[in-house]
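Reading through the C-alpha cells given below for one structure.
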Amino acid sequence: MLADLLALAQQQPWFLGLALFAATFIAEDLATIAAGVLVAQTPADPVIAVAAVILGTATGDLALYAAGRWGAGTGIGRKLRGRSDVRRAESWIAGRVLALVFAARFLPGSRLPIYTASGLIRAPFAPVAAIIVLTTPLWTGGLFAIAWLAGAAEAQHLLAAALPAGVVLAAAALLAPRWFSGPRRGPALT
C-alpha cells in the first residue's frame, strides 16, 4: 500500500503536495521530516514537498489563532476568561504575546497553547500572522533541509545534524522574549 502511494506521488506531484499539506495538521514536524526523507530517497519534487509542508504548517498555526479568537466569544470562553487566575494569566501573556508567538515557532509542542492563547486574548492579527509567515519557512524549511540531507545519507545522521541546530534554535527562542519585549504590561505570574 505504501509503495503504491509513493508511486502515485511520483507520478502525480499534486497528490504528494496535498498529502503532505494534510499531514501537517496531524503532526507538522513529523510531516516535514518525512517529506525531507521522502525527497532524499525518491524522485519526489523537493519544491512541491517543502512548499506543501510550509503552507500546511502556517495554515494550521493561523487556524489555532482563529480557534482561540472564536473560543473567546463562546459561553465557555467567556466563563473561563472571567476567572481571576485566567485574567492574571491573560494579562501576563498580553504583555509578551508577540515574543511568545515568535518563540513558539522554535519550541516544538508550544504552538498549540501559545497560538490558541494569542487568539483567545485577541492579540492583533497582523503582527501574529506576520510572525507566523516569516518564521515558518525558517523552521520548517530548515527541518526539511536537515531531513533531506540526512535522508540522502540513509537517515542515520539525522540526530547528529538536527541536534546542534535544535540547541541553537531553542536557545534563541528562549532568549527571544528578552530581545523582542518592550515595556511589560500586567503583573508577573508567580
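The values are calculated or read from the model by the stated rules, or taken from the named source; none is laboratory data. In this text the structure is predicted, and so the values were computed from the model without any measurement. Cβ: placed from backbone, ideal geometry, glycine included. Neighbour counts: every protein chain shown. To get the accessible areas, we keep the full protein, side chains included, count just its heavy atoms, and leave off ligands, DNA and RNA. Shrake-Rupley method; radii C 1.70, N 1.55, O 1.52, S 1.80 Å.
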**OP:** Express the C-alpha Rg of region 1-145 as a ratio against the empirical globular expectation 2.2 N^0.38 Å, rounded to two decimals.
**Re:** 1.21
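With all protein chains present and a 1.4 Å probe, how do Phe125, Phe102 order by accessible area, largest first? Present the calculation step by step, with values, prior to reporting the outcome.
Numbers: Phe125 105, Phe102 50 Å².
I get Phe125, Phe102, largest accessible area first.
Students sometimes get this wrong: rank Leu55, Leu120 by accessible area, probe 1.4 Å, all chains present, largest first.
Numbers: Leu55 105, Leu120 40 Å².
Listed by decreasing accessible area, they come as Leu55, Leu120.
Sorted by average packing, counted as other Cβ atoms within 10 angstrom per residue and highest first, what order do 33-46, 129-142 take? Could you put the intermediate results ahead of the total?
Numbers: 33-46: 19.2, 129-142: 17.6.
Ranking, from highest mean packing down: 33-46, 129-142.
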Original post:
Considering the zone a paramagnetic label at Phe125 would reach in this model (a point 7 Å from Cα along the Cα-to-Cβ line), which residues of region 52-92 have amide N under 14 Å from it?
Top reply: 62-71
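How long is the gain from Ser91 to Ile76 if the chain were fully straight, where each residue apart is worth 0.36 nm and the alpha carbon distance is subtracted?
Numbers: separation 15, 0.36 × 15 = 5.40 nm, distance 1.90 nm.
Separation in residues times 0.36 nm, less the Cα-Cα distance, equals 3.5 nm.
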